[in-house]
Amino acid sequence: MYLVDMSFTDMAKITPELTDKHKSYLEQEYKSNKLMFGGRKVPRTGGILISQHASEHELKQVLNSDPFVKSGAVTYSITEFIPVMASQDYENVLTK
C-alpha cells in the first residue's frame, strides 16, 4: 500500500474547475479499487491518498497524469507501507 501526501505549490492555480478535473480524473482509480481513500488536509494545504496500486511505478503514472500535478499546482511524496493492524471493518486490507 501507499500513502500519497500531496502539497499545494501554487494556490492561485487551485480553481474550482481544476479541482473538478482532479476529482473526475481520480474517480476512475476509485472505481478500479486501486485508490482506497482520499481527502483534504486541514488546514487546506493539499491532500492525502491511500492507494493499493500494484507498484509505485504504476501509482506514479497515475499521479503524474492528475490535472493538479500536470498544472504545477501540486507536488507529492509517496510512502510505501504494509498494514499489519486494522479495525474489524478493514481487516481485508491486511497483508497475510
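Taken together, the values in this text are just the output of simple stated rules run on the coordinates, not laboratory data. Just so you know, these numbers come straight off a predicted model, no measurement behind them. Note that we place each Cβ from the backbone using ideal geometry, even for glycine, and neighbour counts take in every protein chain shown.
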- Task: For the chain, please report how many Lys pairs fall under 14 Å Cα to Cα, leaving out neighbours fewer than 8 apart on the same chain.
- Result: 7
- Note on the structure: Kirkwood Rh for the range 2-77 from C-alpha pairs, in Å, is 12.4
- So what is the calculated 222 nm ellipticity per residue for the chain, using -39500 (n - 2.57) for each DSSP H run with n of 4 or more, over all residues, to the nearest 500 deg cm²/dmol? -9000 deg cm²/dmol
- At Ile48 and Tyr30, where each label point lies 7 Å from the Cα along Cα→Cβ, what is the point-to-point distance in nanometres? 1.7
- Say each of Ala86 and Thr9 gets a label point 7 Å from the Cα, pointing the same way as Cα to Cβ; how far apart are those two points in nm? 3.3
